[in-house]
There are 2 protein chains.
Amino acid sequence: MKSTIKFSFVGFANLLLAVVMVAAQAAEPLPSWNDGAARSAIVKFVDTVTTQGSPDFVPEPARIAVFDNDGTLWAEQPMYFQLLFAIDRVKALAPNHPEWKHKEPFASLLKGDVKTALAGGEHAALEIVMATHAGITTAEFEKIARGWIANARHPTTQRLYAEMIYQPMLELLDYFRTNGFKTFIVSGGGVEFMRAWVNEVYGIPPEQVIGSSIKTEFRINNGVPVLTRLPEVNFIDDREGKPVAINQHIGRRPIAAFGNSDGDLQMLQWTAAGDSARLVAYVHHTDGDREWAYDRKSSIGQLDEGLDEAQAKDWLVIDMKKDWKQIYPDETKQAMQ
Amino acid sequence: MKSTIKFSFVGFANLLLAVVMVAAQAAEPLPSWNDGAARSAIVKFVDTVTTQGSPDFVPEPARIAVFDNDGTLWAEQPMYFQLLFAIDRVKALAPNHPEWKHKEPFASLLKGDVKTALAGGEHAALEIVMATHAGITTAEFEKIARGWIANARHPTTQRLYAEMIYQPMLELLDYFRTNGFKTFIVSGGGVEFMRAWVNEVYGIPPEQVIGSSIKTEFRINNGVPVLTRLPEVNFIDDREGKPVAINQHIGRRPIAAFGNSDGDLQMLQWTAAGDSARLVAYVHHTDGDREWAYDRKSSIGQLDEGLDEAQAKDWLVIDMKKDWKQIYPDETKQAMQ
C-alpha cells in the first residue's frame, strides 16, 4: 500500500509539474525570441497600449498592426517567391505559347537563364507577371496559386515556400492578436497571390491583406458572373504606395508596423507619426548561416535609407541572428524526427 | 403588514414581468420589422447558415454581409446626402473663391439654383466634388466631414442626416453581427466621407467600409508625413465596380448582400452566384408618407433593371411600407417626448 501511495504521489507531482510548465509556457509569449532589447521593446509596447488606465491605452478596435510580407514574414532570396511562381508558370504555359521560344524575356527563362530574362528590368518583369497572372478569372488564379504553394519547393533550401516563414514573426502575429490587435499584411506582393495561402499560414484573413494588384473586370459569361484579371496594373503597393493603401483600405493609422526594406520606409514613417504610443520596427537580415545576410547593397529587399532613418529615430531594429532562436517553424520538428 | 406584503408581491410580480418582457425583447430579433415574408426570409437564412451540422452551415469568418449605403442604410432624397455636403462646402469656401461668382456650376449653386448647377451632368458634379473634397489632407477632410454630420440638417425633414438612417436596417446589421457575420458597406459614396461617421452610427469600423475614392499622395511636409487628397478620381464604386471592389478589398464572396438600386445589381449578382446558401435583397422605396416612394423612373436610386431581375430570380424585395414598423430610429423617442 505504502509504495502505491508513494508512486501515486510522484505521479501527481509530475502531473502538477507538467501542468505548471505548460501554464508557464502559455504565459510566456514569443518563445523563439531571445531575451534582449527587441523582445523587451515588443512586450513593453503591448503592455503599455493594453493596460486600462494607462495614458497610452489604445482601445481594441484601434489596435492595428501592419506587416510587410517578403523579407518580414517569410524569406525573399534569391528573389521574391512570387517571381519564382511566375517563372514556374511560364514553364507550365510554354506549350501553349510556341512564340515564347524566340521572344524575350520568355526565351531566356525557358532556357533557365533568369538573369538574362530579367536584364530587361521592370518591363521584362511586368511582361512575365502579366503573361502568368492575367487573362484568367480570379477563381482560376486562386486555384493555380494554391496548387503552387502546396507543392513547389525553394531552389536552394528545397523547402515548401510556406515552410520558409519566420517562426518568431508567427509568434509575434499571435501575440498581437491575443492582445486584441487586428493584424494586416501590407506588401508589394500581389494581393490575390497572397490571399491564396496567408489565411492558413499566418492566420490573416483575406480582408486583412493589402498588396499590389492588376485590374479586374466584371463580366457575365453564359449567365455566370466572373471577375477576369486584366493585363493592366491597378496599384503598386510599395514605398509611398503603402501609406496610401493603408489609408484606402484600413482607413485608420496603424499603431505598430514591421518591415525589412526601404520599400517599407513610408509605411513606418506614417505609423510613427501618430499621436499615441507606437512600435515601428525593421527586421534586419543579419544571419547568413541560418537565412541570408543582406541590407544596403542588396537588389532584393534593399535596406539602406531605412536603416539610417531607423538609427536616427531610434526605431526598433530586430537582428535576426541575435534576436531569434530559430528562423523557420519546422526546425524543432525536423530535429525531433 | 398585510397590505405591505401584498404591495411587495405586486412589486415583485411587476419586476418579474418586466424582466420577462426584456428577455423576450432581447430574444426576438428585428423588432421594427413586421411579421411577414421579408422578416421570415432573413431569420430563416441566418438560422440556416449558423446551424452547426446543417449542410448550409457557413463558418464564422466566411459570414460576410455587404450593404449599400445611400437608400439602403440611410435615405438619399431629394439627392445623395454627400452632394448636399458638397454644396454646403461650396458655400463655406466661396469667400476664398471670388471667381466662383461667375463660373458654373458654382455660380448657380451659390444662388441656390442646384438644378441649373447640376444641368452640366457628371462633369458639373465632378467639378463640385473635386473643389470641395480635394486639395486638403485626409485628416483635414475627416474633421470637416465630422463637423458637417454633427450639425447639418436635411432640407425637408430638418433632421440631422445621421437621424435619417433606417432603424430596421440598424437592427439587421446588429442581428447579423450577433450571429457572427462581418458587416461591410459597399457604396458609391466617398469612402472617406463615410468613414468619418459610420462607425459611430452603424457600428461598422473604417476597415469594413468600401466606397468611391479620389487619389491621395504621400508627402512629408516640414518633417510631418501627410496624405493629400488629389483632384483625380481613383475608383468609382458603382455597378460593375462593386464586385471588383469587393474582390479587391474583402477577397472573398459575400453570402448576403443588400442594395436598393440598379447600381447594386452587379453586387447582388456576384453574391448570388456563390455556392452555398445566399441572401440577396433589394430595399424597395414604397413609402411616400413616411419616407419617399420611387423606383423605375427616379434619377436618384433608380431601381428598374434590378427590380426585373429580383422578380425573375426570386430575390427578396423588402417593401418599406409593408415590412417596416418604423423608418428612422428616433420616431419612438420623439413620440415619447
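Quick notes on this one:
- A single entry from A:ILE246, A:ILE255 fulfils the requirement of being within 13 Å of another protein chain (Cβ to nearest Cβ), buried (at least 17 other Cβ atoms within 10 Å of the Cβ) and modelled with pLDDT of 95 or more: A:ILE246.
- Residue within segment A:216-236 that is touching a residue at least 24 places away in the same chain (Cβ under 8 Å), polar (S, T, N, Q) and surrounded by fewer than 20 Cβ atoms within 10 Å (Cβ to Cβ) present: yes
- Residues that are crowded, with 18+ Cβ neighbours inside 10 Å, out of contact with any Asp or Glu (no Cβ under 7 Å at 6 or more places or on another chain) and over 13 Å from A:THR286 (Cβ atoms) within segment A:317-328 are absent altogether.
- Condition met for A:GLU140 (out of contact with any helix residue (DSSP H, G or I) (no Cβ under 6 Å at 6 or more places or on another chain), closer than 30 Å to A:GLY180 by Cα, exposed (fewer than 15 other Cβ atoms within 10 Å of the Cβ) and within 14 Å of chain B (Cβ to nearest Cβ)): no
- For segment B:197-213, a residue qualifies if it is more than 15 Å from B:ILE165 (Cα to Cα) and among the aliphatic types (A, V, I, L, M), and the qualifying residues are B:VAL209, B:ILE210.
- Residue match in segment A:224-234 (condition: more than 8 Å from chain B (Cβ to nearest Cβ), within 16 Å of the chain's Cα centre (by Cα) and under 25 Å from A:GLN82 (Cα atoms)): no
- Hits in segment B:230-262 - residues which are among the basic types (Lys, Arg) and more than 27 Å from B:LYS297 (Cα to Cα): B:ARG252, B:ARG253
- In summary, strands (runs of 3 or more DSSP E) completely within segment A:197-296 and bearing 1 or more residues that are out of contact with any strand residue (DSSP E or B) (no Cβ under 9 Å at 6 or more places or on another chain) occur at A:224-235.
- Selection status of A:GLN311, without any contact (Cβ under 8 Å) to a residue 60 or more places away in the chain, over 20 Å from A:GLU240 (Cβ atoms), of a type in the set (S, T, N, Q) and outside any strand (DSSP E or B): yes
- Among the residues here, B:VAL58 does not qualify as among the hydrophobic types (A, V, I, L, M, F, W, C), at negative phi and touching an Asp or Glu at 6+ places or on another chain (Cβ under 7 Å).
- Against the numbered list (1) surrounded by 22 or more Cβ atoms within 10 Å (Cβ to Cβ); (2) within 9 Å of another protein chain (Cβ to nearest Cβ), A:PHE181 comes up short only at (2).
- Applying the condition of being closer than 23 Å to B:PHE81 by Cα and among the aliphatic types (A, V, I, L, M) to segment B:282-316 and asking which residue is surrounded by the most Cβ atoms within 10 Å (Cβ to Cβ) yields B:VAL283.
- Check on A:VAL280, within 9 Å of chain B (Cβ to nearest Cβ) and either touching a Ser or Thr at 6+ places or on another chain (Cβ under 8 Å) or not polar (S, T, N, Q) (or both): no
- Scanning segment B:89-129 for residues that are within 28 Å of the chain's Cα centre (by Cα), of a type in the set (Gly, Ala, Ser) and either more than 23 Å from B:SER299 (Cα to Cα) or modelled with pLDDT of 95 or more (or both) turns up just one, B:ALA92.
- Residue that is surrounded by the most Cβ atoms within 10 Å (Cβ to Cβ), among those in segment A:148-177 that are of a type in the set (A, V, I, L, M) and assigned to a helix (DSSP H, G or I): A:LEU172
The values are calculated or read from the model by the stated rules, or taken from the named source; none is laboratory data. The structure displayed is predicted, hence computed values, not measured ones. Backbone-built Cβ (ideal geometry, glycine too); neighbour counts: all protein chains shown.
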